[in-house]
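Peer 1: Mind having a look at this structure? Questions to follow.
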Amino acid sequence: MIEAKSIGKFFSVVNEKGLAEGLTAVLNVSLTIPDGKIVSLLGPSGCGKSTFLEILAGLQAPTDGTIHIDGKLVLEPLPATRKEQIAYRRRYRFISPLANGVFRDRPKHDIAMIFQDYAVFPWMTALQNVVFALKLRNADRRGGTALKKREIEEKSLYYLHKVGLAASAHKYPSQLSGGMRQRLALARALSVEPKIILMDEPFAAVDALTREKLQDELLRLWYETSETGNPITIILVTHDVQEAVYLSDEVAVFSPSPGTIRNRMPVEVRRPRARTDAELVEIHERILAMFQYDINQESDYSI
């Protein structure tokens, strides 16, 4: 279970006059996400949803509040006083506890993250990209038996096959389409068999038809983990209302900056779903009405 309590994120920025100003990206966000659920963080550009996702991942420390995953603290809030700063630096000699874990090849939490820009290594083939991720995770099996080189390659090919890229295993990212590169990123994330996958606008860079295919592919893979009794928890950042409603068990709707959760919309529609289901269309319209209200400060829709 993921528990975010009163998360805030404040940035110091320098304006065009060279003066320091403050920017609050996330303000007092609390969210509990049960295991095995798909939750979308939905909102307009610049509302802090990607910042919040990075705080969940441990890539940024919150200014206020805490994130716990399965009862374990992800990162402490940033120090506010000089005394706290000194103590913080003594504890964490690198960027963060997560960075400490990376340098020791010991992930703090069982998380994989997929970014909008694919984040695959262009000098590696599709197979080598997945093998690389498995080798990093293989360095620490947490008391288990480390995989052998042959087993790593077999497992990599298995996950490439699951996302339909087995025939492209020896191609480089430049030889793959945008949708294929995003499937490669998904294969790499799945290969380490995480409990949680965090996705930041993963399908934004592809065309509409490819986007729908990738959405269905993600659901298919999620169903497969559900059948094993160990479903993956997926948190998805998007500004596409239809995508959020179609994929999710719940949609957390962010307000414009500073980002707060203005509404939580459960999507209690049986799976498998069709994008044209009347219940999904109704939820879609309600969320659009919220956004319209934010833009115009008025709404003719009863929420």
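The values are calculated or read from the model by the stated rules, or taken from the named source; none is laboratory data. The model shown is predicted, which means the values in this text are computed figures rather than measured ones. Reconstructed Cβ throughout: ideal geometry from the backbone, glycine too, with neighbour counts over all protein chains shown.
Peer 1: Taking segment 213-223 as the search range and keeping residues that are touching a residue at least 24 places away in the same chain (Cβ under 8 Å) and of a type in the set (D, E, K, R), which one is nearest to Ser248 (Cα to Cα)?
Peer 2: The qualifying residue nearest to Ser248 (Cα to Cα) is Glu217.
Peer 1: Name, by its number, the condition in (1) in a loop (DSSP other than H, G, I, E, B); (2) touching a Pro at 6+ places or on another chain (Cβ under 9 Å); (3) at pLDDT 85 or above; (4) crowded, with 17+ Cβ neighbours inside 10 Å that does not hold for Met180.
Peer 2: Just one mismatch for Met180, condition (1).
Peer 1: Additional query: Select from segment 40-58 the residues that are surrounded by 17 or more Cβ atoms within 10 Å (Cβ to Cβ) and either in contact with a helix residue (DSSP H, G or I) (Cβ under 9 Å, 6 or more places away or on another chain) or in a loop (DSSP other than H, G, I, E, B) (or both) and list them in ascending order.
Peer 2: Residues satisfying the conditions are Ser40, Leu41, Leu42, Gly43, Cys47, Gly48, Ala57, Gly58.
Peer 1: Looking at (1) of a type in the set (Phe, Trp, Tyr); (2) part of a loop (DSSP other than H, G, I, E, B); (3) out of contact with any strand residue (DSSP E or B) (no Cβ under 9 Å at 6 or more places or on another chain), which is the one condition that is false for Phe203?
Peer 2: Among (1) of a type in the set (Phe, Trp, Tyr); (2) part of a loop (DSSP other than H, G, I, E, B); (3) out of contact with any strand residue (DSSP E or B) (no Cβ under 9 Å at 6 or more places or on another chain), the lone unmet condition for Phe203 is (3).
Peer 1: A follow-up question, please. Would you check which residues across segment 222-263 are assigned to a loop (DSSP other than H, G, I, E, B) and farther than 22 Å from Asp35 by Cβ and list them?
Peer 2: Restricting attention to segment 222-263, the residues satisfying the condition of being assigned to a loop (DSSP other than H, G, I, E, B) are 228-232, 239-240, 248-249, 255-258, 260.
Selection gives His239, Asp240, Ser255, Pro256, Ser257, Pro258, Thr260.
Peer 1: Taking interchain pairs and intrachain pairs at least six residues apart, which have beta carbon atoms under 7 angstrom, with the first residue in segment 152-174 and touching a residue at least 40 places away in the same chain (Cβ under 8 Å) and of a type in the set (S, T, N, Q) and the second surrounded by 14 or more Cβ atoms within 10 Å (Cβ to Cβ) and in a helix (DSSP H, G or I)?
Peer 2: Ser168/Ala126; Ser168/Met180
Peer 1: Now for a different question. Please state which one of Ala204, Ala189 is at pLDDT below 90, surrounded by fewer than 22 Cβ atoms within 10 Å (Cβ to Cβ), within 15 Å of the chain's Cα centre (by Cα) and within 26 Å of Asp110 (Cα to Cα). Break it down stepwise before answering.
Peer 2: Values: Ala189 fails: surrounded by fewer than 22 Cβ atoms within 10 Å (Cβ to Cβ).
Answer to the check: Ala204.
Peer 1: Continuing with the same structure: Of the residues in segment 20-46, how many are farther than 12 Å from Ile7 by Cα, in contact with a Ser or Thr (Cβ under 8 Å, 6 or more places away or on another chain) and among the polar types (S, T, N, Q)?
Peer 2: Number satisfying all stated conditions: 1.
Peer 1: With small (Gly, Ala, Ser) and surrounded by 21 or more Cβ atoms within 10 Å (Cβ to Cβ) as the only criterion, which of Ala244, Ala274 stands out?
Peer 2: Values: Ala274 fails: surrounded by 21 or more Cβ atoms within 10 Å (Cβ to Cβ).
The match here is Ala244.
Peer 1: For segment 248-303, which residues satisfy the criterion of being modelled with pLDDT under 90 and of a type in the set (Asp, Glu)?
Peer 2: Asp294, Glu298, Asp300, listed by residue number.
Peer 1: Sticking with this one: Could we say that Ala169 is modelled with pLDDT of 90 or more and of a type in the set (Gly, Ala, Ser) here?
Peer 2: Details: modelled with pLDDT of 90 or more: yes; of a type in the set (Gly, Ala, Ser): yes.
The answer is yes for Ala169.
Rundown of residues vs (1) among the acidic types (Asp, Glu); (2) over 22 Å from the mean Cα position of the chain (by Cα), yes/no style:
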position	(1), (2)
Leu147	no, yes
Leu160	no, no
Pro173	no, no
Glu212	yes, no
Thr225	no, no
